[in-house]
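Nothing in this text is a laboratory measurement; each read-out follows from the coordinates by a stated rule. Being a predicted model, the structure only gives us computed values, none of them experimental. A quick note on method: Cβ atoms are made from the backbone with ideal geometry, for glycine too, and the neighbour counts reach across all protein chains shown.
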Amino acid sequence: MDFLNIPLPAILAQLVVGLINGSFYALLSLGLAIIFGLLNIINFAHGAQYMLGAFVAWFGVQYLGVNYWAALILVPLTVGAFGMLLERTLLSRLYREDHLYGLLLTFGLALIIEGVFVQLYGVSGKPYATPESLRGALNLGFMFLPKYRAWVIVASLVVCLGSWLIIERTKLGAYLRAGTENSQLLQAFGVNVPLMITLTYGFGVALAAFAGVLAAPIFQVSPKMGSDLIIVVFAVVVIGGMGSILGSIVTGLGLGLVEGLTKVIWPQASGTVIFVIMAIVLLIRPAGLFGKEK
Amino acid sequence: MYQRTLYFVLCVCLLLAPLAIYPVFLMKMLCFALFACAFNLLLGYVGLLSFGHAAFFGLAAYVTGHVLKVLELPTIVGLLGGTLAAGLLGLAVGLLAIRRQGIYFAMITLALAQMVYFFFLQADFTGGENGLQGVPRGSFLGLDLQDDLNLYYFVLAICIGGFVLVYRTVHSPFGQVLKAIRENEPRAISLGYEVDRYKLLAFVLSASLAGLAGALKSVVLQLASLSDAHWHASGEVVLMTLLGGMGTMLGPVVGAGTVVALQNYLASSPVGVWLPAPVVLGAIFVVCVLAFRRGFIGELQALAKKSFNLS
């Protein structure tokens, strides 16, 4: 069975690849959206923190004997704590200024973090072994899907939906949503908003680090792994609109699929298709697909 | 009055500078100074942070390189072609980007610039990873531009022209409206200004001048490469403007000079071996944003105002 003279299995295979990329877009844009919601800051260092996640996992294996499964928990905690430190010492000084300064500050941080790692480890990738239990492949009929990639899709979906449930269904999430609406009023009710901001930033950074650990066995661990990815994620965020948590997840996965599909139909355009979609969305719905005009 | 004296002294210094400093290095500084001035027109006077200005700079560098090397047309045609191309790209990007404000504006310009970057990466005429090398400098009205000193005065004249254009724009009624938009956009709208048109015009002007800077750069260094269009270059021009003082006329010039000199120093001295340029630039970014938001010139102006009550 063919579609546009392209064999159907090839399309399905690329869709699965797209879904994997989409999983990373979803995790990263979710983190960005959560941070933006409460802090009104675009975290430019998100790509660097994703890279940091992969590197800390690699350190864990290399020097401390921390295996993949432990890293999946410990690395987000470590990098998230580092994020909280950055927020307390640097970002928190800027809340009264124009929000653009937050973007510039995190841009500077991204340059520093990436620069240090390039200096120490060069630009070539470091291999990270796939965990024993996830080696091998599943036969889907139309393609062999490496087990690890299937795990990436599942894990990121679970984490994304889990985060969504926490935000929508728990008391802590209710505080977060209230803070996004009006943080001053929330503080007047006796909620420790500065602490909440710190924890939220830490959580967003931890999501990026989690994505980094997931990515380590697929893409090699390299200092530059986050820098171009983050701009695609920015486009994803613009397309989805900042208003909705679920929106950022859906848009991330959806755009991964679109990108995968473009790879079969017109490979040269696969690098740019997300940006083209962004341009179209901006023309038709400037606030983004799920966004609300403020 | 003191301002006029300052500009005069600066011009004399620039005219005499090649006696003491390597002209190609000076020209590189001038190109980036023009680039930063063009960027500052948008950030400092309209309050729009574009994170994609490298696309205009890079596109113009490629177009100029192509016109001079492949089509073998005169230098001035190459420069005009590059500037025009950047202006047209600016029109397209501007039309999209001005639909959103603030942080979104920054992200949209960044994403569109990245799209342009991917296009350059794949297109044939850019030479991919190698870039366009050996762009001929040609001549202008019988002046041989192969000679570094001739080229220096040619570039200096164009850069001063660009600077005067920015100066005139900012101090014109049009510039006043731009500042009004920066200060309070809803109010400007309520006064009956078609804000979007003003923003778009400012954006196109800024993109064209950034293009002119890129075009000059490809003539000076005889090279147009992917790094001109990379988002790191967009970040650098933000840093130059911020460091020198955004919303001041001379700030971007000072900032560009400082950053280019610093990069040059790190690339050639032993310090650069263990202290890579991105880390230094990133650290300056952080310090600027946290403690030094007015930049060199902005701080100086504030100081002058305080101590001498000059305006």
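Before moving on, here are some points about what is shown:
- Gain in span if fully extended, B:S172 to B:E129, counting 0.36 nm per residue against the direct Cα distance: 11.2 nm
- Under the span-like rule (Cα at least 20 Å along the axis, Kyte-Doolittle mean at least 0.5), DSSP H helices of chain A: A:8-39, A:68-89, A:100-121, A:147-169, A:193-215, A:245-265
- Exposure rule at most 13 other beta-carbon atoms within 10 Å, DSSP loop GluC sites (Glu not before Pro): chain B longest free segment: B:73-193
- Given R0 = 35 Å, the distance between the Cβ atoms of A:I218 and B:L19 translates into a calculated FRET efficiency of 0.05.
- Sequence-distant residues sharing a close amide H with B:F140 (under 5 Å, placed H): B:L145
- GNM remark for chain B: springs join alpha carbons under 10 Å apart, and the peak mean-square fluctuation among B:N130, B:N40, B:N184 falls on B:N184.
- Less than 5 angstrom separates the built amide H of A:G241 from those of A:L289, A:F290, all sequence-distant by 5 or more or on a different chain.
- Close amide H contacts of B:L223 (hydrogens built in the peptide plane, cut-off under 5 Å, sequence separation of 5 or more or a different chain): B:V135.
- DSSP H segments from chain B that extend 18 Å or more along their own axis, Cα-based, with Kyte-Doolittle mean of 0.0 or above: B:2-16, B:23-43, B:53-69, B:75-97, B:102-122, B:148-170, B:195-220, B:231-244, B:251-268, B:277-291, B:295-308
- On the beta carbon distance between A:Q184 and B:V70, with R0 = 60 Å, the FRET formula returns roughly 0.50.
- Cα-Cα separations in segment B:77-170 greater than 22 Å, expressed as whole percent: 52
- Cα centroid separation, segment B:245-311 to segment A:256-293 (Å): 38
- Overall shape of segment B:178-292 was characterised from the C-alpha gyration tensor. The equivalent ellipsoid obtained from it has semi-axes of 32, 19, 11 Å, in decreasing order.
- Once the Cα-Cα distance is subtracted from the 0.36 nm per residue extended length, the A:F144 to A:W69 segment shows a gain of 24.6 nm.
- Residue of A:G240, A:G179, A:G65 that the Gaussian network model of chain A assigns the largest fluctuation, springs spanning Cα pairs under 10 Å: A:G65
- Treating each Cα of segment B:8-63 as one equal point scatterer and applying the Debye formula with no solvent, the log10 of I(q)/I(0) at q = 0.12, 0.16, 0.19 Å⁻¹ comes out as -0.40, -0.65, -0.81.
- Shape index of the protein assembly as shown: Rg/Rh, with Rg the Cα radius of gyration and Rh the Kirkwood radius from the inverse mean 1/r over Cα pairs, equals 0.98.
- Residue among B:F119, B:V279, B:P186 farthest towards the positive dipole end of chain B, charges placed on Cβ: B:P186
- Over all distinct Cα-Cα pairs of segment B:224-311, the Kirkwood formula returns a hydrodynamic radius of 13.9 Å.
- Peptide B:115-123 has a mean shielding of 4, counted as Cβ atoms of other protein chains within 10 Å of each residue's Cβ.
- Each label point was placed 7 Å from the Cα along the Cα-to-Cβ direction; for B:D148 and B:V9 their separation is 2.8 nm.
- Cα-projected label distance for B:L303 with B:A267, points at 7 Å along beta-carbon direction, nm: 3.0
- Across q = 0.14 Å⁻¹, segment A:202-294 modelled as identical point scatterers on its alpha-carbon atoms has Debye log10 I(q)/I(0) values of -0.58, in the order of the q list.
- Across peptide B:94-101, the mean count of Cβ atoms from other chains lying within 10 Å of each residue's own Cβ comes to 3.
- The Cα atoms of segment A:146-265 cover 54, 27, 25 Å along the three principal axes, with the biggest extent listed first.
- Counts of other chain beta carbons within 10 angstrom of each beta carbon in peptide A:95-107 average 5.
- Here segment B:21-230 is treated as a Stokes sphere of Kirkwood radius computed over C-alpha pairs; at 37 °C and 0.692 mPa s its diffusion coefficient rounds to 190 µm²/s.
- GNM on chain A, alpha-carbon springs under 10 angstrom: the most fluctuating residue among A:G136, A:G53, A:G260 is A:G136.
- For segment A:1-126, the Cα gyration tensor yields ellipsoid semi-axes of 32, 22, 14 Å (square root of five times each eigenvalue, largest first, whole Å).
- Options B:Y22, A:V56, B:F296, ranked by Cα towards positive dipole end of the protein assembly as shown, top entry (Cβ charges): B:F296
- Net length available on complete extension from A:W266 to A:A10 is 90.9 nm, with 0.36 nm assigned per residue and the Cα-Cα distance removed.
- Using a Förster distance of 30 Å, the FRET efficiency for A:T170-A:A81 (Cβ separation, nearest 0.05): 0.85
- The charge dipole of the protein assembly as shown, taken about its Cα centre with unit charges on the Cβ of Lys, Arg, Asp and Glu (plus for the first two, minus for the last two), comes to roughly 1100 debye.
- At q = 0.13, 0.16 Å⁻¹, base-10 log of I(q)/I(0) for segment A:2-226 (Debye sum, equal scatterers on each alpha carbon): -0.80, -1.10
- Compactness of segment B:111-228 - radius of gyration and Dmax, Cα, Å: 18.8, 55
- Calculated on alpha-carbon atoms, Rg and Dmax of segment B:149-199 in Å: 15.9, 52
- Each distinct pair of alpha carbons in segment A:244-294 adds a 1/r term; the inverse of their mean, the Kirkwood radius, is 11.7 Å.
- Segments B:95-102, B:247-254, B:51-58 sorted - mean Cβ within 10 Å per residue, highest first: B:51-58, B:247-254, B:95-102
- The charge dipole of chain A, taken about the Cα centre with unit charges on the Cβ atoms of Lys, Arg (+1) and Asp, Glu (-1), comes to about 280 debye, rounded to the nearest 20.
- Euclidean distance of C-alpha centroids, segment B:1-39 and segment B:58-129, integer Å: 26
- Shape of segment B:1-110 from the C-alpha gyration tensor: oblate (a/c of 1.5 or more and a/b not above b/c, with a ≥ b ≥ c the square roots of its eigenvalues).
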